[in-house]
Amino acid sequence: MPKGQILFLILILSLSMVFLIRSDGVAKTMYVTETTWVKVNSGPGSEYKVIARVKTGDPVTVLGQEGGWYHIRTAADEEGWIMSSLLTEGRPLTDQVNALATKTQEQSKLIAQLSEENKSLKKYAQMFENSAVELNRLKEENLRLKDHHDLLWLGVGAGILSIGWIIGLITGSFYRRGKAKYRYSFD
C-alpha cells in the first residue's frame, strides 16, 4: 500500500475518532434557559452563522458537545450549535411557574367545589340530626300515649266492673224484695 493511501486512511480514522469523541453518543433532551431567544449557530462558536432561533422552554435534543458548545437538534428538526450555558436539563423556571399556576387554579376550583359540597353535606347532616331528635321525641310521646291509652282502658274496664257491681247490687235488692214481681217462670 502506498504511503499516501496510508496517510489518507490515518486521516480519515483520526477525523472519525474526533467526531466520536466529540459526540456523547447518547442524545438527551435539554431546555433553553431563562433568556427570551437563543441563537442557533452553524458551528461551535459565535463566529459561525446564525441558522435558527429557539425560545425559552423549547426542548432541544443534544447530539454532542465540543468545548462550551452543544450540538443540538431543534423541535423543527434543525441542527446547530448553542452555548452550553444557555441549556439546562430541568425545565425553565417560567415553565415551572406556569405549570404551578395552572395546577393552583385547578386546585382552587376543586376546593370551591368541595366547599360547596361540604356546605350541602352539613345541611343534610343538620336535617338528619333534627330528624333524629324529632324521632326520639315522637317515640317518647308514643310511649306516653300508649301508657295513657292502657290507663284509659284500665279505667274503662274498672268503670264497667263498678257499674256491673252497682247494677248487680240494685237488681239483687229488688230480687230479694219482690221475688214474684220480677221473676218469670216458663213452666
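Rule-based calculations on the coordinates, nothing more; no lab input. Fair warning: this is a prediction, and the values are worked out from it, not measured in the lab. So basically every Cβ, Gly included, is an ideal-geometry build from the backbone, and we count neighbours across all protein chains shown.
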(message) Quick one: 3J(HN,Hα) in Hz for segment 87-93, Karplus 6.51/-1.76/1.60 with θ = phi - 60°, rounded, Gly and Pro as x.
(response) 10, 9, 6, x, 5, x, 4
(request) For segment 23-91, just the Cα set please: Rg and Dmax, both in angstrom. (result) 10.5, 29
(request) Using θ = phi - 60° and the Karplus relation 6.51 cos²θ - 1.76 cosθ + 1.60, list the HN-Hα couplings for segment 158-171 in order, rounded to whole Hz, with x at every Gly or Pro. (result) 5, x, 4, 4, 5, 4, x, 5, 4, 4, x, 5, 5, 5
(request) Enumerate the amide H contacts of Ile51 below 5 Å, restricted to partners 5 or more residues apart or on another chain; note that Pro and chain-start residues carry no placed amide H. (result) Val40, Asn41, Ser42
(request) Starting from the amide H of Ile72, placed 1.01 Å from N in the peptide plane, find each other amide H under 5 Å away whose residue is 5 or more places distant or on another chain. (result) Leu63, Gly80, Trp81, Ile82
(request) At q = 0.29 Å⁻¹, what is the base-10 log of I(q)/I(0) for segment 54-108 according to the Debye formula with one equal point scatterer per Cα and no solvent? Please give it to two decimals. (result) -1.14
(message) Name the residue from Leu135, Val97, Ile163 whose Cα lies farthest towards the positive end of the charge dipole of segment 93-177, charges +1 on Cβ of Lys and Arg and -1 on Cβ of Asp and Glu.
(response) Ile163
(message) To make sure I understand the rule: partners must be aspartates and glutamates, Cα under 17 Å from the Cα of Lys109, and not fewer than 8 residues away in the same chain. Which ones qualify?
(response) Glu117
(message) Need one number: nm distance between label points at Ser120 and Lys28, each 7 Å from Cα along Cα→Cβ, rounded to one decimal.
(response) 4.9 nm
(request) Rounded to the nearest Å, what's the spacing between the alpha carbon centres of segment 128-143 and segment 52-81? Just the number, please. (result) 76 Å
(request) Could you run the Karplus curve 6.51 cos²θ - 1.76 cosθ + 1.60 with θ = phi - 60° over segment 141-148 and give me ³J(HN,Hα) per residue in whole Hz, x for Gly and Pro? (result) 5, 4, 5, 4, 5, 5, 4, 5
